[in-house]
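**Student:** Okay, handing you the structure first.
The values are calculated or read from the model by the stated rules, or taken from the named source; none is laboratory data. Fair warning: this is a prediction, and the values are worked out from it, not measured in the lab. Please note: Cβ atoms are built from the backbone with ideal geometry, for glycine as well, and neighbour counts cover all protein chains shown.
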Amino acid sequence: MKLKRVFQLIGLALLVCAGSLGYLIWKELKGPTMGGDFSLTLRANPWTFSEKAKSVNLIYFGYAKCPDVCPMSLSYVGTAFSKLSQEDLKKIRFLFVSVDQENDDPNNVADYATNFFPEFLGLSGSKKQIDETIKLFPASYMVEKNPKSYLGYSIIHTDRVFILNKKGIVIDTIDSLRDSDVILQKIKEHI
Amino acid sequence: MKHRSEFVRSLFVGLFLLSVGGFAAEDIKFTDARIFTPLKGSNVTAGYVEIENKSKSPRKVVLSSVEGFKAFETHETIEDAGKMSMKKVDEYTIAPESKLELKPGGKHLMLFDPIRKIADGDSLAVKFKIDGKEHSVQFKVIPRTKTDHNHDHH
């Protein structure tokens with residue numbers, strides 16, 4: 001009787017191990033799943049990722065009225081882009097998505113993005129479009145009202161660049177946006 | 001005789017006040033004062049500077065005016081698990097014999113709505129009140145992409 005119980009326990013343990021192993025193999029084979037197609041606007045014209053995507057696409061969420069972090073991060077990305085060859089530039093696209101739907105004018109967002117590199121695209125959209133887009137990625141934003149400030153608010157947002165393939169799937173992340181050489185190296189790994 | 005001693009006393013008092021004033025003026029030193037040229041598509045920009053407190057007492061720094069902008073504030077950027085937030089602060093405190101560095105991604109001057117065209121190479125007067133005393137510093141306007149900056153001293 002005792003022996004039967006031991007065998008039952010061993011069988012159960014083996015089953016759990018096999019299940020876990022199977023899940024890990026399935027997860028590995030399935031690959032990354034974050035990301036996807038999304039639709040926003042460029043200067044108030046519809047803009048859909050799947051129609052405009054290049055081989056390698058970079059996306060960053062911020063806002064044009066951000067005085068410190070966004071321009072700093074975008075400057076480093078812009079510097080990295082300026083070191084790419086013309087051939088490489090044909091394969092890559094950078095998207096700056098404004099999460100400040102209430103205050104960022106779409107034309108201003110588009111202009112703002114080009115400050116850092118002429119080919120950067122500054123995208124806007126309705127709140128629904130922006131929220132649906134950001135939900136696809138491991139990113140978020142939150143508007144924080146501040147009546148004591150001249151602007152009246154600030155936005156807490158993710159400060160990361162996501163590298164997407166042509167289908168919009170996240171294939172890599174650039175967490176450190178304070179070194180253009182690190183950014184360049186990451187870009188080159190995917191071109 | 002009385003006049004002479006009064007003159008000597010006044011001379012000593014004057015020299016003492018002058019020396020105290022001289023030391024006080026050098027208590028605070030500003031370096032790397034710079035403002036990024038406002039960007040197309042945005043009505044805000046930021047200013048940065050390093051402030052050294054050479055005195056043996058803490059100093060409270062309050063921004064009192066910035067030439068060329070409608071509004072100005074002191075802020076601090078805070079990073080938490082890859083998310084950036086910004087907090088408005090009324091003043092900065094510099095510990096005795098230490099430096100306060102206003103730098104990108106940290107403490108900074110936030111400047112809103114330029115009231116005239118502000119271009120690369122301009123020099124703008126920025127005034128701080130440090131424990132009640134006003135300090136005027138010339139900030140150099142530099143482009144965002146430029147990493148080197150001039151050293152402006154108070």
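**Student:** Would it be correct to say that B:Pro104 is more than 9 Å from chain A (Cβ to nearest Cβ) and on the phi < 0 side of the Ramachandran plot? Before you say what the answer is, go through the steps one by one.
**Tutor:** Numbers: more than 9 Å from chain A (Cβ to nearest Cβ): no; on the phi < 0 side of the Ramachandran plot: yes.
Criteria not met by B:Pro104.
**Student:** Any idea how many residues of the stretch A:153-191 are surrounded by fewer than 18 Cβ atoms within 10 Å (Cβ to Cβ), within 14 Å of another protein chain (Cβ to nearest Cβ) and assigned to a loop (DSSP other than H, G, I, E, B)?
**Tutor:** 4
**Student:** Being under 30 Å from A:Ala139 (Cα atoms), at pLDDT 95 or above and of a type outside the set (D, E, K, R) is the requirement here; does B:Leu100 meet it? Spell out the reasoning first.
**Tutor:** Details: under 30 Å from A:Ala139 (Cα atoms): no; at pLDDT 95 or above: yes; of a type outside the set (D, E, K, R): yes.
Here the answer is no, as B:Leu100 does not meet what is asked.
**Student:** Do we find that A:Leu136 is more than 19 Å from B:Gly41 (Cβ to Cβ) and over 18 Å from the mean Cα position of the chain (by Cα) in this structure? Can you show your working first?
**Tutor:** On the way: more than 19 Å from B:Gly41 (Cβ to Cβ): yes; over 18 Å from the mean Cα position of the chain (by Cα): no.
Against the criterion (more than 19 Å from B:Gly41 (Cβ to Cβ) and over 18 Å from the mean Cα position of the chain (by Cα)), A:Leu136 does not qualify.
**Student:** Can you tell me which residue within the stretch B:31-47, out of those that are within 9 Å of chain A (Cβ to nearest Cβ) and of a type in the set (Ser, Thr, Tyr), is surrounded by the most Cβ atoms within 10 Å (Cβ to Cβ)? Give the derivation first.
**Tutor:** If we filter the stretch B:31-47 for residues that are within 9 Å of chain A (Cβ to nearest Cβ), which is where we start, we get B:36, B:39-46.
If we keep only those that are of a type in the set (Ser, Thr, Tyr) as well, we get B:42, B:45.
Values: B:Ser42: 20, B:Thr45: 23.
Among them, the one singled out is B:Thr45.
**Student:** Examine the stretch A:121-143 for a residue that is closer than 20 Å to B:Gly105 by Cβ and of a type outside the set (A, V, I, L, M, F, W, C), and state whether such a residue exists.
**Tutor:** In the first step, residues of the stretch A:121-143 are kept if they are closer than 20 Å to B:Gly105 by Cβ; the result is A:139-142.
Subsequent filtering for residues that are of a type outside the set (A, V, I, L, M, F, W, C) retains A:140-141.
Yes; the residues of the stretch A:121-143 include at least one that is closer than 20 Å to B:Gly105 by Cβ and of a type outside the set (A, V, I, L, M, F, W, C).
**Student:** Follow-up question, since we're still on this one. Does the stretch A:134-141 contain any residue that is in the same structural domain as A:Leu89 (by TED's automatic domain parsing) and over 25 Å from A:Asn107 (Cα atoms)? Can you show your working first?
**Tutor:** Initially, the stretch A:134-141 is screened for residues in the same structural domain as A:Leu89 (by TED's automatic domain parsing), giving A:134-141.
Now narrow it down to the ones that are over 25 Å from A:Asn107 (Cα atoms): A:138.
Looking for residues that are in the same structural domain as A:Leu89 (by TED's automatic domain parsing) and over 25 Å from A:Asn107 (Cα atoms), one finds at least one in the stretch A:134-141, hence yes.
**Student:** Here are some conditions: (1) within 15 Å of A:Trp47 (Cβ to Cβ); (2) within 14 Å of chain B (Cβ to nearest Cβ); (3) touching a strand residue (DSSP E or B) at 6+ places or on another chain (Cβ under 7 Å). A:Asn107 meets all but one. Which one does it not meet?
**Tutor:** (3)
**Student:** Just need a number here: residues in the stretch B:110-119 that are surrounded by 15 or more Cβ atoms within 10 Å (Cβ to Cβ) and more than 9 Å from chain A (Cβ to nearest Cβ).
**Tutor:** 2
**Student:** Let me ask something else. Would you mind finding the one in B:Gly132, B:Gly106, B:Gly82, B:Gly121 that is under 25 Å from A:Gly62 (Cα atoms) and under 19 Å from the mean Cα position of the chain (by Cα)? Reasoning before the result, please.
**Tutor:** Values: B:Gly132 fails: under 25 Å from A:Gly62 (Cα atoms); B:Gly82 fails: under 19 Å from the mean Cα position of the chain (by Cα); B:Gly121 fails: under 25 Å from A:Gly62 (Cα atoms).
Going through B:Gly132, B:Gly106, B:Gly82, B:Gly121 in turn, just one is under 25 Å from A:Gly62 (Cα atoms) and under 19 Å from the mean Cα position of the chain (by Cα): B:Gly106.
**Student:** Looking at the stretch B:85-96, which of the residues that are surrounded by fewer than 13 Cβ atoms within 10 Å (Cβ to Cβ) and assigned to a loop (DSSP other than H, G, I, E, B) is farthest from the other protein chains (Cβ to nearest Cβ)?
**Tutor:** B:Pro96
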